[in-house]
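S.K.: Right, I'll just put the structure down here and ask away after.
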Amino acid sequence: MTTNDVFKGPVAITGADGHVGRALRRRLNGPPNPVRALGRSDDWAAAIRDADAIVHLAGTLQPRRPDTYEAANVATAQRCLDAVAGSTARRLILLSYVGADHAAANRYLRTKGMAEQLVGNADVASVVLRSTLIYGDATDVGPSF
């Protein structure tokens, strides 16, 4: 890796208030990458405009009404990509799930696969991180075991 390959600018994190987002924010806290924590009501386009990298964590395994798998997993990916268009972002990282497939019978896996397709077809370098269960500190609200 050369010096030019290192990201030194802002990192935008969608779903930053979730279990993984909070842990990532703690890990990245401080220079050289200021973190822009993005929630549902934030202006993603403004926050992503000059970010070096985006970590798209927004989504859900268990939607609560009125949310749906499609709204949580596909629409948020599209919203992220809309914000990336015309930005200076050099990399997009998507948190997905093992077995994600746009043709899956399981709605969660199908919508995660659809999000992967959107990201894979985007005009930005991307990485899809397929993870299974995420463990954490039992005192942290989220999918801790």
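S.K.: Could you grab me the full set of residues in region 65-77 that are assigned to a loop (DSSP other than H, G, I, E, B) and either open to solvent by less than 40 Å² (accessible area, probe 1.4 Å) or closer than 19 Å to TRP44 by Cβ (or both)?
M.R.: Of everything in region 65-77, just one residue is assigned to a loop (DSSP other than H, G, I, E, B) and either open to solvent by less than 40 Å² (accessible area, probe 1.4 Å) or closer than 19 Å to TRP44 by Cβ (or both), namely ASP67.
S.K.: What number of residues within region 14-41 satisfy the criterion of being charged (D, E, K, R) and within 19 Å of ALA83 (Cβ to Cβ)? If you could, list the steps in order and put the result at the bottom.
M.R.: Of the residues in region 14-41, the ones charged (D, E, K, R) are 17, 22, 25-27, 36, 40.
Those left that are additionally within 19 Å of ALA83 (Cβ to Cβ): 17, 25, 36, 40.
Qualifying residue count for the region: 4.
S.K.: Every residue in region 23-64 that is closer than 17 Å to ILE93 by Cβ, open to solvent by less than 60 Å² (accessible area, probe 1.4 Å) and in a helix (DSSP H, G or I), please.
M.R.: Residues satisfying the conditions are ALA23, LEU24, LEU28, TRP44, ALA47, ILE48.
S.K.: Does ARG90 fit the bill of being without any contact (Cβ under 8 Å) to a residue 40 or more places away in the chain and of a type in the set (Lys, Arg)? Let's see the steps before the verdict.
M.R.: Values: without any contact (Cβ under 8 Å) to a residue 40 or more places away in the chain: no; of a type in the set (Lys, Arg): yes.
Spelling it out, it is not the case that ARG90 is without any contact (Cβ under 8 Å) to a residue 40 or more places away in the chain and of a type in the set (Lys, Arg).
S.K.: Still on this structure, please answer the following. Go through region 86-114 and count every residue that is more than 16 Å from LEU38 (Cβ to Cβ) and of a type in the set (A, V, I, L, M).
M.R.: So the answer is 7.
S.K.: For residues in region 78-123 being in contact with a Ser or Thr (Cβ under 9 Å, 6 or more places away or on another chain) and of a type in the set (Lys, Arg), which is most open to solvent (accessible area, probe 1.4 Å)?
M.R.: ARG107
S.K.: Scan (1) modelled with pLDDT under 95; (2) of a type outside the set (Lys, Arg); (3) touching a Gly at 6+ places or on another chain (Cβ under 7 Å) for the single condition ALA100 breaks and write down its number.
M.R.: The one condition ALA100 does not meet is (1).
S.K.: Quick check on region 1-13: of everything there that is at pLDDT 90 or above and closer than 17 Å to GLY86 by Cβ, which residue is least open to solvent (accessible area, probe 1.4 Å)? Steps first, answer last, please.
M.R.: Within region 1-13, the subset at pLDDT 90 or above is 10-13.
Now restrict to residues that are closer than 17 Å to GLY86 by Cβ: 10, 12.
On the way: PRO10: 20, ALA12: 0 Å².
Result: ALA12.
S.K.: Just one of the numbered conditions (1) under 24 Å from ASN106 (Cβ atoms); (2) open to solvent by less than 40 Å² (accessible area, probe 1.4 Å) is not true of ALA16; which one?
M.R.: Among (1) under 24 Å from ASN106 (Cβ atoms); (2) open to solvent by less than 40 Å² (accessible area, probe 1.4 Å), ALA16 violates only (1).
S.K.: Quick one: which of ALA89, ALA100, ALA105 is touching a Leu at 6+ places or on another chain (Cβ under 6 Å), of a type in the set (A, V, I, L, M, F, W, C) and part of a loop (DSSP other than H, G, I, E, B)?
M.R.: Working: ALA89 fails: touching a Leu at 6+ places or on another chain (Cβ under 6 Å); ALA105 fails: touching a Leu at 6+ places or on another chain (Cβ under 6 Å).
The unique qualifying residue is ALA100.
The values are calculated or read from the model by the stated rules, or taken from the named source; none is laboratory data. Keep in mind that what you see is a predicted model, and the values were worked out from it rather than measured. Cβ: placed from backbone, ideal geometry, glycine included. Neighbour counts: every protein chain shown. Side chains are part of the model used for accessible areas, which takes the heavy atoms of the whole protein and leaves out ligands, DNA and RNA. Shrake-Rupley method; radii C 1.70, N 1.55, O 1.52, S 1.80 Å.
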